[in-house]
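Peer 1: What follows is a structure written as structure tokens; I'll ask about it next.
The values are calculated or read from the model by the stated rules, or taken from the named source; none is laboratory data. Computed from a predicted model, the values in this text were never measured in an experiment. Note: ideal-geometry Cβ built from the backbone for every residue, glycine included; neighbour counts use all protein chains shown. These accessible areas exclude ligands, DNA and RNA; they are computed on the full protein's heavy atoms, side chains included. Shrake-Rupley method; radii C 1.70, N 1.55, O 1.52, S 1.80 Å.
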Amino acid sequence: AQLRMGDRLVGVVINTVPKDRLTFVETDTKPYLEQQGVRVLAVLPHEQRLASITIGEMVTAVNGQLICTNCEDELVENLMVSSMNVEHSLDYFSRVANKAVIVGGDRPDVQLAALETSTKALILTGNFRPTPMIEDRAQERGAAIILSKHDTFTTIEKVERFFGKTRFRQPEKIKLFEEILGQALAFDQLYRAIGLKP
């Protein structure tokens, strides 16, 4: 970029740095780039909430049907696929918070285990409706249920396309990104480089 852009290169922002690599990037990568004449304006940590998607986006991804009230804008940070073994499901689902779980629509035992943990949405595959018990439990827990006509593999494929493609339409994400930039971006250097007064 420096060779192609020359003086037009104002600086770089290194983003999505895993938290366990931040020190390395700050102490090794950033000084190296600056020695080469590349101004590093910010080193931004990976923040899972910025990569989250809404329940409404997941419904769109699978062209599904949503069962919940006023939950379309809820953010989901993680995606899990249910294991076939109900014995270990509770332990498995407990490992990840703020998640959507893709599970066969014919597995109320596994669905119930998922709802006992920090689950924002159940995505039921195979065009099955949930049992009344699952609907009631999801409502108690404030979890959405998304009905997918697709099989589990196709549903996973469709939802995964949305994860990691950060969208900033949600006020919660915009506020978080603003906070991260406020702490990490060298606005004074940026303004000087482009001829603006801070």
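Peer 1: Residues being open to solvent by 50 Å² or more (accessible area, probe 1.4 Å) and either in contact (Cβ under 8 Å) with a residue 24 or more places away in the chain or not in a helix (DSSP H, G or I) (or both): count how many of those fall in region 26-59. Show your work before the answer.
Peer 2: Narrowing region 26-59 to residues open to solvent by 50 Å² or more (accessible area, probe 1.4 Å): 26-28, 30, 32, 34-37, 39, 46, 48-49.
Now drop any that are not either in contact (Cβ under 8 Å) with a residue 24 or more places away in the chain or not in a helix (DSSP H, G or I) (or both), which leaves 36-37, 39, 46, 48-49.
Here the count works out to 6.
Matching residues to (1) surrounded by fewer than 16 Cβ atoms within 10 Å (Cβ to Cβ); (2) of a type in the set (D, E, K, R); (3) touching a residue at least 40 places away in the same chain (Cβ under 8 Å); (4) under 20 Å from V76 (Cβ atoms):
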| residue | (1), (2), (3), (4) |
| --- | --- |
| Y92 | no, no, no, yes |
| K99 | no, yes, no, yes |
| I102 | no, no, yes, yes |
| P108 | no, no, no, no |
| T119 | no, no, no, yes |
| T125 | no, no, no, yes |
| T131 | yes, no, no, no |
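Peer 1: Do you know which residues across region 2-25 are free of Cβ contacts under 8 Å to residues at least 24 places away in the same chain and open to solvent by 60 Å² or more (accessible area, probe 1.4 Å)?
Peer 2: Result: L3, R4, M5, D7, R8, D20, R21, T23, F24.
Peer 1: Looking only at region 32-52, decide whether some residue is hydrophobic (A, V, I, L, M, F, W, C), in contact with a Phe, Trp or Tyr (Cβ under 7 Å, 6 or more places away or on another chain), at pLDDT 90 or above and under 21 Å from I146 (Cβ atoms). Write out each step before concluding.
Peer 2: So the first thing to find is which residues in region 32-52 are hydrophobic (A, V, I, L, M, F, W, C), and the list is 33, 38, 40-44, 50-51.
Okay, now just the ones that are also in contact with a Phe, Trp or Tyr (Cβ under 7 Å, 6 or more places away or on another chain), so 50-51.
Then keep just the ones that are at pLDDT 90 or above; that gives none.
No, region 32-52 contains no residue that is hydrophobic (A, V, I, L, M, F, W, C), in contact with a Phe, Trp or Tyr (Cβ under 7 Å, 6 or more places away or on another chain), at pLDDT 90 or above and under 21 Å from I146 (Cβ atoms).
Peer 1: Could you count how many residues in region 124-135 are touching a helix residue (DSSP H, G or I) at 6+ places or on another chain (Cβ under 6 Å) and under 26 Å from Q48 (Cα atoms)?
Peer 2: 1
Here's the yes/no breakdown for (1) aliphatic (A, V, I, L, M); (2) farther than 22 Å from Q48 by Cα:
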site	(1), (2)
L75	yes, no
V86	yes, yes
L90	yes, yes
R137	no, yes
D151	no, yes
T154	no, yes
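Peer 1: When the residues of region 145-161 are filtered to those that are basic (K, R) and either open to solvent by less than 30 Å² (accessible area, probe 1.4 Å) or not in a helix (DSSP H, G or I) (or both), which remaining residue is farthest from G126 (Cα to Cα)?
Peer 2: Residues of region 145-161 basic (K, R): 149, 158, 161.
Now restrict to residues that are either open to solvent by less than 30 Å² (accessible area, probe 1.4 Å) or not in a helix (DSSP H, G or I) (or both): 149, 161.
Numbers: K149: 5, R161: 19 Å.
Across region 145-161, the extreme among qualifying residues is R161.
Peer 1: Please work out if E26 is of a type in the set (D, E, K, R) and under 27 Å from the mean Cα position of the chain (by Cα). Give the derivation first.
Peer 2: Working: of a type in the set (D, E, K, R): yes; under 27 Å from the mean Cα position of the chain (by Cα): yes.
For E26, the condition - of a type in the set (D, E, K, R) and under 27 Å from the mean Cα position of the chain (by Cα) - is met.
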